[in-house]
Amino acid sequence: MIIREFLNWVESAPDAPRADAAGALARAWLYSDLSEEDRRGAAAALTFLLDDPCPEVREALARSLAEHSQAPRHVILSLSEDVETIAEIVLKSSPVFTEVELVDALAQGSDRIQCAIAGRKGLQPVVAAALAEVGCARACQVMLENRSAEILRSSLVRIAERHEAVLPVSEALLNRPGLSLTLRHKLLSRFAERLESHPMFAEKVPDHLKEEFLADAADKVTLHLALEASDAEMPDFVEHLRAEALLTTKFLLRAVCCGRLRLFAAALSLLGNVPPDRLRHLLMSVRLPALKAVLRKSGLPLRSHQAFLLAIEIARSAEADFTRDMSLEQARTLTEALLSEIQDGALGADEDIAAFLRRFAVDVARLEARAFVKGRMQKALKAA
């Protein structure tokens, strides 16, 4: 009786009262102890309201039902096919959708609909994979920023393949837990490359130094990530660097001078095809002349061997075991000692290598100074 009266009233009622009544009816369905007959009538009334010409009425239904698992499925599914402003309400929140239904909605939906689904709490891996495959850049960014979304590494890779040129997406990827080191390196390298188009770069860096500046930025990115790499990640990271043709003589010298001994050892192991444990034994205890064979096998130019052998000898004297990276202070000491030896005319050192080392020595000294100042400032803040 009550439902019949409601249907008679709703046909001629003004829009705003109809919207309020629609919301009240939806809440009654969810929370009131209705008789079986009233429940059937309420379901019919909710279905009837799906055809209401006023969007505010249908929106009131969507807002009242969206977050409840007991909402009538046929009503929620109908609302998901309504205009965007209504469909996004239920697609973002309703728990009644299956993974298949969400994937279909992604494939057929607009950017706005994709963003609504991307922001769902507890987004499932299957839906995340579909979004990574077909989602617009903005939707992928929303999903990456959704910390409750379960995103597989393969989906992160796919997003990078499709949208890495979109700066907000790249930033969201870099902030996403679980990103592989190799993918992090690719994204950060692209950031370094984008420096070339920055107005300040064009204004401040002379033309004859631009190529060197960009290469320097890329090296710094790689060395920073090498410091963060776990022992388990290092082999794959070094293999990635080799595939990208980044394991150059200059870079490996810089790695030594910055104290990245784990990276240096892993690179020699890969380039020289020497098992990691065997390679570390050679670096730590075998006579230096015997290491020349490893350097030759690694493809490093003969003119660089002297610098590498001296660096290994200096690292040994500092009791380095090549399984841990050096502190900045130790790296500075190693670089200064190596530069001192290289600059000895009696050694016939290569001028290019000496020039590299002089630059690296300055870089390491600056890094150490920054770390010292940062440490002192943090202590001062804590004391305050």
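The values are calculated or read from the model by the stated rules, or taken from the named source; none is laboratory data. In this text the structure is predicted, and so the values were computed from the model without any measurement. FYI the Cβ positions are ideal-geometry reconstructions off the backbone, even for glycines, and counts take in every protein chain you see. Heavy atoms of the whole protein, side chains included, go into the accessibility calculation; ligands, DNA and RNA do not. Shrake-Rupley method; radii C 1.70, N 1.55, O 1.52, S 1.80 Å.
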Where only protein heavy atoms count, and the probe is 1.4 Å, what is the accessible area per residue for region 61-164 in Å²?
-> 45
Label-point gap, in nm, between S180 and K297 - each point 7 angstrom along Cα→Cβ | 2.8
Given the Cα-Cα distance of T98 and E244 and 0.36 nm per residue of separation, how much length would full extension add, in nm?
-> 48.4 nm
Of N273, T249, L223, whose Cα points farthest to the positive end of the dipole of region 222-290 (charges on the beta-carbon: +1 Lys, Arg; -1 Asp, Glu; origin at the Cα centre)?
-> T249
How much net charge surrounds H305 when only the other residues with a Cβ under 9 Å from the Cβ of H305 are counted, with Lys and Arg +1 and Asp and Glu -1?
-> +3
Just add up the charged neighbours of V75: K/R +1, D/E -1, any other residue whose Cβ is under 15 Å from the Cβ of V75.
-> -1
Once fully extended, how much extra length lies between M284 and A355, figured as 0.36 nm per residue of separation less the alpha-carbon to alpha-carbon distance?
-> 22.8 nm
What FRET efficiency do you get for E336 and E133 if R0 is 45 Å and r is their Cβ-Cβ distance, rounded to the nearest 0.05?
-> 0.30
Check: C-alpha center region 285-326 vs C-alpha center region 213-238, spacing in Å is 20
In the full protein assembly as shown, how much of K92 is accessible to a 1.4 Å probe, in Å² to the nearest 10?
-> 110
Please work out how much length the chain gains when fully extended from A318 to V362, using 0.36 nm per residue of separation minus the C-alpha to C-alpha distance, in nm with one decimal.
-> 13.8 nm
Partner aspartates and glutamates for K92 [C-alpha distance under 12 Å; skip if fewer than 8 residues away on the same chain] | E67, E84
Can you pull the percent of Cα pairs in region 250-358 with separation above 19 Å?
-> 38
At 0.692 mPa s and 37 °C, Stokes diffusion of region 18-160 via Kirkwood alpha-carbon radius, µm² per second = 209
Diffusion coefficient in µm²/s returned for region 88-190 by Stokes-Einstein, Kirkwood Rh over C-alpha pairs, 25 °C and 0.890 mPa s, is 184
